[in-house]
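First the structure, in the form of structure tokens, and then the observations on it.
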Amino acid sequence: MENIEDILKKRILVLDGAMGTMLQRYKFQEADFRGERFKDWPSDLQGNNDLLSLTQPEAVKEIHRKFLEAGADIIETNTFSGTTIAMADYDMEELVYELNYESAKIAKQVAEEFTKKNPGKPRFVAGSIGPTNKTASMSPDVNDPGFRAISFDELRIAYKQQIEALLDGGADILLVETIFDTLNAKAALFAIEEVKEDRNIEVPVMVSGTITDASGRTLSGQTAEAFLISISHIPILSVGFNCALGAKQLVPHLEVVSAKSEFAISAHPNAGLPNAFGEYDETPAQMAAQIKEYVEKGLVNIVGGCCGTTPEHIKAIADVVKDYQPRKLLTTA
């Protein structure tokens, strides 16, 4: 199979849309999350979407299939909260390896099925590594600014376990995403480097930050350029942004990283900004029209969707980007 680095030079790759948005369509209740295996689990499990890879694998498989049918080149594993840190909310820390392994395996099966049908358009699995629900560089307690809920080392150990399971399950790429605190991301990237060294392997790594509001900064206070600089010492495939903003609001931040980075640039924005009910209203046509600006300006190499984006959104995006050349990769002097 042609490697992703070579394909990126030839065309814009399409990433899938929102797993959470799609799972909500199934209207799963507590009993569905539990399944037979976890029917007596002491904690409430509804909302633990990663668990559905074990209790509702067919639904997860169907979602992957729909995104691939819509034209996605890369699908993300259902593992956004797949660390011991996030799983502590459900007392499921000991299931972390299995959750990541099975999620990667499910995605890989579907990706291989599509690659087999059309070898000219290989499909890739990105192991989704979320930010966790803790922040390493800021205090959660306004009265104690020096307090930290988690240490770099605790994050590194948790991420390493997730990364090993994702790779064992068949992930082709590792995607460190929705980064609101770059110190958390550095722990994940450090863990990836450790695993690469332990196993003597290379693996493409995508890094995607999130600009939290109109100030144009991440939650831990970095501008787009500062974020880029702070992760640029690591060998990565792509850098970009996802979540928090709609496609339109991301343009200035993509312009900054696109002009200054030698890496490929990725963007998977939300379907607009959330409405008063926390829902996303932007239609596939509206979103695709905004993504068109990215490709007309030559800003991106990988594009997809985050919150609120469905296979219909991804199809509209795929239809737009197929006629455009990818952003030219800058070479270092």
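Please list, ordered by residue number, the strands (runs of 3 or more DSSP E) wholly in the stretch 111-211 having 3 or more residues that are among the β-branched types (Val, Ile, Thr) and in contact (Cβ under 8 Å) with a residue 24 or more places away in the chain.
Output list reads 173-179.
Residues that are under 26 Å from ALA264 (Cβ atoms), touching a helix residue (DSSP H, G or I) at 6+ places or on another chain (Cβ under 6 Å) and crowded, with 18+ Cβ neighbours inside 10 Å: does the stretch 131-147 have at least one? Steps first, answer last, please.
We begin by selecting, within the stretch 131-147, every residue under 26 Å from ALA264 (Cβ atoms); these are 131-132.
Next cut, touching a helix residue (DSSP H, G or I) at 6+ places or on another chain (Cβ under 6 Å) only: 131-132.
Subsequent filtering for residues that are crowded, with 18+ Cβ neighbours inside 10 Å retains 131-132.
Within the stretch 131-147, one or more residues are under 26 Å from ALA264 (Cβ atoms), touching a helix residue (DSSP H, G or I) at 6+ places or on another chain (Cβ under 6 Å) and crowded, with 18+ Cβ neighbours inside 10 Å.
Enumerate the helices (runs of 4 or more DSSP H) found wholly within the stretch 1-80, keeping only those where 1 or more residues are touching a residue at least 60 places away in the same chain (Cβ under 8 Å).
Where helices (runs of 4 or more DSSP H) fall fully within the stretch 1-80 and carry at least 1 residues being touching a residue at least 60 places away in the same chain (Cβ under 8 Å), they are 4-10, 19-24, 57-69.
Only one of (1) of a type outside the set (Ser, Thr, Tyr); (2) loosely packed, with under 15 Cβ neighbours inside 10 Å; (3) out of contact with any Phe, Trp or Tyr (no Cβ under 9 Å at 6 or more places or on another chain) is not met by GLU296, so which one is it?
With (1) of a type outside the set (Ser, Thr, Tyr); (2) loosely packed, with under 15 Cβ neighbours inside 10 Å; (3) out of contact with any Phe, Trp or Tyr (no Cβ under 9 Å at 6 or more places or on another chain) applied to GLU296, the lone miss is (3).
Do we have LYS315 as among the charged types (D, E, K, R), in contact (Cβ under 8 Å) with a residue 12 or more places away in the chain and closer than 20 Å to LEU8 by Cβ here?
No; evaluated as a whole, the condition is false for this residue.
Just checking, which of LEU95, LEU45 is within 16 Å of LEU166 (Cα to Cα) and hydrophobic (A, V, I, L, M, F, W, C)?
Criteria check complete, one pass: LEU95.
If the requirement is being under 17 Å from the mean Cα position of the chain (by Cα), surrounded by 16 or more Cβ atoms within 10 Å (Cβ to Cβ), within 29 Å of GLY304 (Cα to Cα) and not acidic (Asp, Glu), which of these qualifies: PHE33, PHE67?
The conditions single out PHE67.
Hey, can you tell me all the residues within the stretch 82-91 that are crowded, with 23+ Cβ neighbours inside 10 Å and either of a type in the set (Phe, Trp, Tyr) or not in a helix (DSSP H, G or I) (or both)?
Answer for the stretch 82-91, where residues must be crowded, with 23+ Cβ neighbours inside 10 Å and either of a type in the set (Phe, Trp, Tyr) or not in a helix (DSSP H, G or I) (or both): GLY82, THR83.
Only one of these is surrounded by fewer than 17 Cβ atoms within 10 Å (Cβ to Cβ) and either of a type outside the set (Phe, Trp, Tyr) or more than 16 Å from the chain's Cα centre (by Cα) (or both): PRO311, PRO252. Name it.
Sole residue among the options that is surrounded by fewer than 17 Cβ atoms within 10 Å (Cβ to Cβ) and either of a type outside the set (Phe, Trp, Tyr) or more than 16 Å from the chain's Cα centre (by Cα) (or both): PRO252.
Assess whether PHE114 counts as being under 21 Å from ILE179 (Cβ atoms), at pLDDT 95 or above and among the aromatic types (Phe, Trp, Tyr).
no
Suppose we filter the stretch 278-306 for residues that are within 13 Å of ASP16 (Cβ to Cβ) and either free of Cβ contacts under 8 Å to residues at least 40 places away in the same chain or in a loop (DSSP other than H, G, I, E, B) (or both); how many remain?
Residues flagged as within 13 Å of ASP16 (Cβ to Cβ) and either free of Cβ contacts under 8 Å to residues at least 40 places away in the same chain or in a loop (DSSP other than H, G, I, E, B) (or both) within the stretch 278-306 amount to 3.
The values are calculated or read from the model by the stated rules, or taken from the named source; none is laboratory data. None of the values given here were measured: they were computed from a predicted structure. Note: ideal-geometry Cβ built from the backbone for every residue, glycine included; neighbour counts use all protein chains shown.
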